[in-house]
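Input: a single structure, listed below in structure tokens.
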Amino acid sequence: MEENNEKMKLTAKKADNFSEWYTQLLISSEFIDYSAVSGMIVYRPDSYFIWDQLRNSVDKMFHSAGIKDAYFPLFIPERFLALEKEHVEGFSPEVAWVTHAGAAELNERLAVRPTSETIMYDSYAKWIRSWRDLPLRLNQWNNVVRWEFKHPTPFLRSREFLWNEGHTAFATKEEADSEKDVILGIYASALKDYLALPGVPGQKTEKEKFAGAEASYSIELLMPDGWAIQGPDFHSDGQKFSKVFGIKFLDKDNTSKYVYQNTFAISTRVLGTMVATHGDDKGLVLPPKLAMIQVVIVPIYKGNNKNQILEYSKKIAGLIGDARTHLDDTDAYSPGWKFNEWELKGVPIRLEIGDREMNSDSVVIFRRDTLQKKQVKSADLSAEIRETLDSIHQNLYQKAESALKSSIHPADTYEELKNVIKTGGFSQSPWCGSMECEDKIKEETGAKATNMPFDAQAGIKNKKCVYCGKEAKHIVNFAKSY
């Protein structure tokens, strides 16, 4: 048998060298590959399937909430991008430009989509004329390019990534504001029910909000190295864009008014967080709902019983039900090599079938999250598979939730904050609202204000700012962040 164990070997340990472990894991497991363009990755079938599953689940929730899908151009005229000053200043360092078509120079530079507000709102201004045209709630699934940074990391900081862009318009501020909890609820459900990831929802500070927004909200996630990473977000844009792009309507009282707008997104960044959170030194550990293969069957045979074992394995495959199943009947590798390969790829359940299992009408179930084995009769297999897949998901979520909760540390003094930042995690601290204090904390500790957690604000009474000692207005989670 041909053996190529080097392909599957992870030499870095997650606890010792997280960064090296993470990149080794993504490549060795064939989850992604690097491309010829720096900072842009190839989504191999396993990772793209996961994004597809996540996208479809979120899209169904969008549709149930009344949001429709559309698609707008990749290229944005420079004059559009320049219309909203705060917006363009926020993105200018990251914009890639198209200047030529063949040898001919274009009359106007075209931005490669860093985000789609400006190209979409040109259309919104044409489509919205009356209160009857509202609300307009559109979403698109696309790719965006943001070029400015020195050290790209797959998924976490990529120059091209995939995401959704929700862009909605309403007649009143109250209607627009009521959408926030709906969208953040959809994203929280996607994180918990599909990615098995807990998060910290809250409002961004003025400094950290989205360029052009009146207020930004995020679900912050925690990486195993103690650094934070922003997950899905929602932005209340008020009338900033509608006034720039002339998106107004004739209301029921026969007066012309500007619409109120929101934007929101979830990106492939969460795939990197999922890999980092659940993976171990043996490889990926995939949440069952997203795994392309949920159950892999590995027959164990010698030459004289191969046909019988394979026939029994096919019978077992037919008993599993609707779980996505693969029978690994290749002769190229030994069973031990296959075990290692499927563990590296993170398949949730492995079924081992040899003489003993065939003769006792049973299988051995191996679960990837706990590395435990269990013998099960074939008659009980379908129910056992369903229960085990559910149990794996719950276990992954509970472990991640426990890790997150243990990494949120109340810190009322600056010394306490600095100690938390040194060891990693969130320093949950009172803050006066001054951008000067926020800047000083980042300058001196490397930690930024990730968000102001919704569930922590009740504890603000009688608190003093962690940096200047003045009366605190908010509780903020400070952390080093990707």
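We did not get these values from a lab; they are worked out from the coordinates using the rules stated. It should be emphasised that the depicted structure is a prediction, and the values quoted were computed from it without experimental measurement. Don't worry about glycine lacking a Cβ; one is built from the backbone with ideal geometry, like all the others, and counts go over all protein chains shown.
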- Message: Can you say what percent of the DSSP beta bridges in the stretch 88-172, counting only those with both residues inside, are antiparallel? Round to 5.
- Response: 100
- Calculate how many DSSP beta bridges within the stretch 221-377 are antiparallel, expressed in % of all such bridges and rounded to the nearest 5. 70
- Note on the structure: Largest-first semi-axes in Å of the equivalent ellipsoid built from the Cα gyration tensor of the stretch 73-212 are 28, 23, 14
- Separation between the Asp59 and Thr255 pseudo-spin-labels, each 7 Å from Cα along Cα→Cβ, expressed in nm? 4.1
- Task: Extending each Cα 7 Å along its Cβ direction at Asp329 and Lys470, get the distance between those two points in nm, one decimal.
- Result: 7.4
- Tell me which residues come under 5 Å, amide H to amide H, from Ser362 once H is placed; ignore anything under 5 positions away on its chain. Ser378
- Please pull out the direction-averaged projected area of the stretch 295-391, using the convex hull of its alpha-carbon atoms, in nm² to one decimal place. 5.7
- Stretched fully, the stretch from Gln24 through Leu74 gains (0.36 nm per residue minus C-alpha distance, one decimal, in nm) 14.8 nm
- Task: Provide the FRET efficiency to the nearest 0.05 for the Ala383-Lys192 pair, computing r from the beta carbons and using R0 = 30 Å.
- Result: 0.80
- Cα gyration tensor shape of the chain, rounded if a/c is under 1.5, else prolate or oblate by comparing a/b with b/c: prolate
- Message: Run the numbers for His100 and Ala36: contour at 0.36 nm per residue of separation, minus the present Cα-Cα distance, in nm.
- Response: 20.9 nm
- Item | Estimated inter-spin distance, Glu311 and Ala458, nm [label 7 Å along Cα→Cβ] | 6.6
- Item | Two-site FRET efficiency, Trp127 against Glu206, from Cβ-Cβ distance with R₀ of 45 Å, rounded to 0.05 | 0.90
- Item | FRET efficiency estimate (nearest 0.05) - Cβ-Cβ, Glu108 to Ala215, R0 35 angstrom | 0.60
- How large is ³J(HN,Hα), in whole Hz, for each residue of the stretch 455-472 in order, when computed from phi with the Karplus curve 6.51 cos²θ - 1.76 cosθ + 1.60 and θ = phi - 60°, using x for Gly and Pro? 7, 9, 5, 5, x, 7, 4, 6, 8, 10, 3, 4, 9, 9, x, 6, 4, 7
- Fraction of antiparallel bridges per DSSP, the stretch 408-479 only, in percent to nearest 5: 75
